[in-house]
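Everything below concerns the one structure shown next.
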Amino acid sequence: MPNVKINPDDVMIKLRGLKKTFGSQDVLLDVNLDIRRGETMVIIGQSGSGKSVILKHMIGLLQPDEGEVAVDGITISTPKFFDTRTIRRKMGMLFQMGALFDSMDTGENIAFALREHHPELTEAQVQKVVTENLKLINLVPEFRVKMPSELSGGMRKRVALARAIALSPEILLYDEPTTGLDPITSDVINDLILDMQSKLGVTSVVVTHDMVSAFKVADRIAMLYKGRIIEVGTVDEIKNTENPFVRQFITGQRKITTEED
């Protein structure tokens, strides 16, 4: 687990009473969660349970039907009262499939956000950041001319991470970062998540159903079940939970077992 000193009263992201419905499907029913500044919070739950929907609320891509989302003390669930771009500059997001621009090479993908948000930067300054970010994800500068089609799944995610940190965000959001990767490549991504927290001091939120990854990178783990967070705890607390639904998920049981079974 990362060695991060956390002030338990210093909340970076706060979710209160979050509700979201798509058509007739209730996805989030009453989500409440505090994510502390500088920690890595991992949100686990079954596929389709709404984990990625929570991430999209945190970055302002979705607005709740009810409830509050606050980031660094600013309520973002009422967008007319704040500048969306200001909040999003605090955040970087690694999308599930990387979401690189196919028509741009690696360097241009990383430089995109810089050019969008910092038009005052010279081309030399932009390229310097691109090089620095490639080094952070352990890729040599020569990778800047590679096209996404020339990269493996793991490489694409590493480049997407370099793009996510281009604006020096305070918060990094990871949507299923190890999905579709083999165990060795998944572990490379896990190490990069740890590196980003250690080197950049960011607050990280990782959505995953990969328990190997969750146990390696988390400071704390939150379990989403039927639209609610049913338990939050450290890795050891989650491993030793008595909650039958959490235990069923982390052990991969097909049905809940009890002492009477």
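Summary table below
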| item | result |
| --- | --- |
| Tally, over segment 195-216, of residues that are among the β-branched types (Val, Ile, Thr), over 14 Å from residue 38 (Cβ atoms) and under 15 Å from the mean Cα position of the chain (by Cα) | 3 |
| Check on residue 111, more than 30 Å from residue 32 (Cα to Cα), part of a helix (DSSP H, G or I) and in contact with a helix residue (DSSP H, G or I) (Cβ under 6 Å, 6 or more places away or on another chain) | yes |
| Residue tally, condition closer than 12 Å to residue 161 by Cβ and either touching a Gly at 6+ places or on another chain (Cβ under 6 Å) or modelled with pLDDT under 95 (or both), over segment 200-219 | 2 |
| Subset of segment 229-246 [part of a helix (DSSP H, G or I) and over 23 Å from residue 28 (Cβ atoms)] | 235, 236, 237, 239 |
| Residue in segment 83-97 that is closer than 20 Å to residue 52 by Cα and hydroxyl-bearing (Ser, Thr, Tyr) present | yes |
| Condition met for residue 253 (surrounded by fewer than 17 Cβ atoms within 10 Å (Cβ to Cβ) and not in a helix (DSSP H, G or I)) | yes |
| Test for residue 52: is it of a type in the set (Gly, Ala, Ser), touching a residue at least 60 places away in the same chain (Cβ under 8 Å) and surrounded by 14 or more Cβ atoms within 10 Å (Cβ to Cβ) | yes |
| Residue in segment 223-237 that is surrounded by the most Cβ atoms within 10 Å (Cβ to Cβ), counting only those that are among the hydrophobic types (A, V, I, L, M, F, W, C) and out of contact with any Phe, Trp or Tyr (no Cβ under 8 Å at 6 or more places or on another chain) | 224 |
| Residue under evaluation residue 242, criteria (1) modelled with pLDDT under 95; (2) within 16 Å of the chain's Cα centre (by Cα); (3) under 21 Å from residue 32 (Cα atoms), criterion not met | (2) |
| Hits in segment 132-179 (condition: within 13 Å of the chain's Cα centre (by Cα) and of a type in the set (Lys, Arg)) | 157 |
| Residue that is part of a loop (DSSP other than H, G, I, E, B) and either surrounded by 18 or more Cβ atoms within 10 Å (Cβ to Cβ) or of a type outside the set (S, T, N, Q) (or both), where the choices are 167, 161, 173, 134 | 167 |
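The values are calculated or read from the model by the stated rules, or taken from the named source; none is laboratory data. It should be emphasised that the depicted structure is a prediction, and the values quoted were computed from it without experimental measurement. Methodologically, a virtual Cβ is constructed for each residue, glycine included, from the backbone with ideal geometry; neighbour enumeration extends over all protein chains shown.
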